[in-house]
Amino acid sequence: MRKNSLYLILLISAMFAASCDKPNVKMHTIIREDGLCEREVSYTTIMSKEMRDSLWSGNKVSWAYPVPECLNMNAFMASHTRTEEDTVTTTFRNIFHSVEEMCLQSPLQLNGTRLKSTAKLEKKNRRFYTLYTYTETFTCVGDTFKIPATNYADKDVVRYWFTGQPNLLQGLSGAEASEKISKMEPFVTQWINDNFFKLCFDFIVNNYDSIQNPPVGREQFVELHDSLADYLLNRTGDILLVNPNEVFENFFHSDAYAIFFDGDTSCGKALEEELSTHMNIFWFSVPYSLTMPGTIVDAGTGVVKDGVIHYPLTGERLIPQDYTITATSRVTHAWTYIVAVLIFVVFIGSFLYKGRKRRNQKIKSRFEERVSSKKNE
C-alpha cells in the first residue's frame, strides 16, 4: 500500500519550490489614463508534439496543459497560446471598466477559493500634470492556521519574517543581521510544529471512531496530547521531518493509528488534503507586475524595471496580515506647457510692444518740442 507521511509532504514541497526558481504563473496589471484597466495572466508548460496533437485535436481549446490549479478560469475573456518547440505559453486577458470590477473577477485562487483583493485608483489633477495612485490589497489567509504566529513572536518580527516589512535589519552589519535572523528562525519552526501537530492530533480525535481496537480511549488520547508532542519533537526539532506512523506505533505500541497515514484509506486521504491545504499557502507564488500611465514616481515596495513595477505575491506574505501593493505615477499635460509658452510669448510680446510704443511716444514728443522752439525763434 502507498504510505503517506509529513516527510513526504515536505519532500513534495521542496521539489515544488525547486521547480519555481523560474516562476510558472505570472500576473500583469495595466492601468490606463482613462480609468480602464487590463489584467493578463500567463503560464508556461512543456508539451511534446504528440501531447499537443492529442489535446488540441478537433474543437478542443488550445491551451497549455496542465492548467495551474491557482488559476480561476471563470475570470478570463480571451486567450492566446504561443509555442516554441515544446515550450507552450498561454496568456489570458481581460479588460475592465474599473479596478473595482477587476478585483471582483480575480484570476487567482488558493485551495480552490478565489483569492480576494480590493483595489482603488486615485487621480489628482495638478496644473501641469495628473498623479495616478493605484493600491491593491490582497486578503490575509493566516486564519487557516489555528495557532497565530503572534503567539510566538512580536508582531513586527512576524511581519518581517513573512513579508520583509518593516525592515528590522536596517543599519545592521552583515554579522549583526545574521545573528538577528538566527534568533527569529526558532519561532517559525515552533509555530509550524505546533500548527501541524494540532492539525493531525485534532483530526485523529475527530475521527477516533474510525480506529479499530485503539490502544487507549478517546479521552485518554486527548490527555496524552502533551506527552505525545514532547515525544515526537524530541526525536527531531522539525515536525516535517518526522514519520508520524512510526512515532505513533512506537509511542502507543500499536499500529492502530496507521489508517491516518496511509494514502489508500479514506482517513489518510482526508488528512492529506488537510495538510495540503496548509502547505499550498507556502507553495503559492505568482510574480505580480504593474504598468502605470506616465512616469513612475513611487513604486512602493516594488522594483522598477523597464517602466514596469514588479512585486512578489506569495502565500507567505498573506499569512501575518493583508498584503498591499501601491504605486504612484505622473502624466504630464503637454497642452498646459504649450498654453504656458503661448502666454509667456504673448506677455513678452506685449511688454516689448508697450516699451517700443513708449519710446516712439517720447521721440515724437521731443521732435514736436524742437519744431515748436524753432517757430518761436
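The values are calculated or read from the model by the stated rules, or taken from the named source; none is laboratory data. Keep in mind the model is a prediction, meaning the values are calculated, not measured. Quick reminder, even Gly has a Cβ in these numbers, built from the backbone with ideal geometry, and neighbours come from all protein chains shown. What goes into the accessible areas is simple: the full protein's heavy atoms, side chains included, and nothing from ligands, DNA or RNA. Shrake-Rupley method; radii C 1.70, N 1.55, O 1.52, S 1.80 Å.
At-a-glance table
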read-out	value
Lone qualifier among Leu199, Leu233 - being assigned to a helix (DSSP H, G or I), modelled with pLDDT under 90 and open to solvent by 20 Å² or more (accessible area, probe 1.4 Å)	Leu233
Test: residue in the range 135-155 that is of a type outside the set (D, E, K, R), farther than 30 Å from Phe196 by Cα and in contact (Cβ under 8 Å) with a residue 24 or more places away in the chain	yes
Residue tally, condition of a type outside the set (Asp, Glu) and part of a helix (DSSP H, G or I), over the range 202-230	14
Residue tally, condition surrounded by 16 or more Cβ atoms within 10 Å (Cβ to Cβ), in a helix (DSSP H, G or I) and among the hydrophobic types (A, V, I, L, M, F, W, C), over the range 145-183	5
Residue that is open to solvent by 70 Å² or more (accessible area, probe 1.4 Å), over 19 Å from the mean Cα position of the chain (by Cα) and closer than 30 Å to Thr332 by Cβ, where the choices are Glu100, Glu122	Glu122
Strands (runs of 3 or more DSSP E) completely within the range 40-133 that count 3 or more residues being closer than 30 Å to Asp322 by Cα	87-96, 117-125
Those residues of the range 16-39 which are surrounded by fewer than 16 Cβ atoms within 10 Å (Cβ to Cβ), in a loop (DSSP other than H, G, I, E, B) and at pLDDT 50 or above, in sequence order	Arg32, Glu33, Asp34, Gly35, Leu36
Qualifying residue in the range 132-143 (condition: open to solvent by less than 90 Å² (accessible area, probe 1.4 Å), out of contact with any Ser or Thr (no Cβ under 6 Å at 6 or more places or on another chain) and within 23 Å of His333 (Cβ to Cβ))	yes
From Arg93, Arg114, residue being touching a residue at least 40 places away in the same chain (Cβ under 8 Å), touching a His at 6+ places or on another chain (Cβ under 8 Å), open to solvent by 70 Å² or more (accessible area, probe 1.4 Å) and of a type in the set (D, E, K, R)	Arg93
Complete set of residues in the range 49-70 that are over 30 Å from Thr314 (Cα atoms) and among the small types (Gly, Ala, Ser)	Ser54, Ser57, Gly58
Neighbours by Cβ (under 6 Å, 6+ apart or cross-chain): first from the range 241-256, in a helix (DSSP H, G or I); second surrounded by 15 or more Cβ atoms within 10 Å (Cβ to Cβ) and among the polar types (S, T, N, Q)	Pro244/Ser5
Evaluation of Glu185 against (1) touching a residue at least 12 places away in the same chain (Cβ under 8 Å); (2) under 28 Å from Ile319 (Cα atoms) (one fails), failing number	(1)
Unique match (being within 15 Å of Met27 (Cα to Cα) and either open to solvent by 60 Å² or more (accessible area, probe 1.4 Å) or basic (Lys, Arg) (or both)) among Ser79, Ser106	Ser79
Test for Leu290: is it of a type in the set (A, V, I, L, M, F, W, C), part of a helix (DSSP H, G or I) and either more than 30 Å from Tyr129 (Cα to Cα) or open to solvent by less than 70 Å² (accessible area, probe 1.4 Å) (or both)	no
Residues located in the range 309-329, provided they are touching a residue at least 40 places away in the same chain (Cβ under 8 Å) and in a strand (DSSP E or B)	Tyr323, Thr324, Ile325, Thr326, Ala327, Thr328, Ser329
Residue identified as of a type in the set (Lys, Arg) and over 30 Å from Thr29 (Cβ atoms) among Lys305, Lys269	Lys269
Qualifying residue in the range 41-49 (condition: within 25 Å of Ser329 (Cβ to Cβ), modelled with pLDDT of 90 or more, among the β-branched types (Val, Ile, Thr) and open to solvent by less than 20 Å² (accessible area, probe 1.4 Å))	yes
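For (1) within 33 Å of the chain's Cα centre (by Cα); (2) farther than 25 Å from Gly142 by Cβ; (3) not β-branched (Val, Ile, Thr), each residue gets a yes or a no:
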| position | (1), (2), (3) |
| --- | --- |
| Asn250 | no, yes, yes |
| Phe260 | no, yes, yes |
| Glu274 | yes, no, yes |
| Thr295 | yes, yes, no |
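For (1) at pLDDT below 90; (2) at positive phi, each residue gets a yes or a no:
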{"position": "Ala64", "(1), (2)": "no, no"}
{"position": "Leu71", "(1), (2)": "no, no"}
{"position": "Asn74", "(1), (2)": "yes, no"}
{"position": "Glu85", "(1), (2)": "no, yes"}
{"position": "Val88", "(1), (2)": "no, no"}
{"position": "Thr91", "(1), (2)": "no, no"}
{"position": "Val99", "(1), (2)": "no, no"}
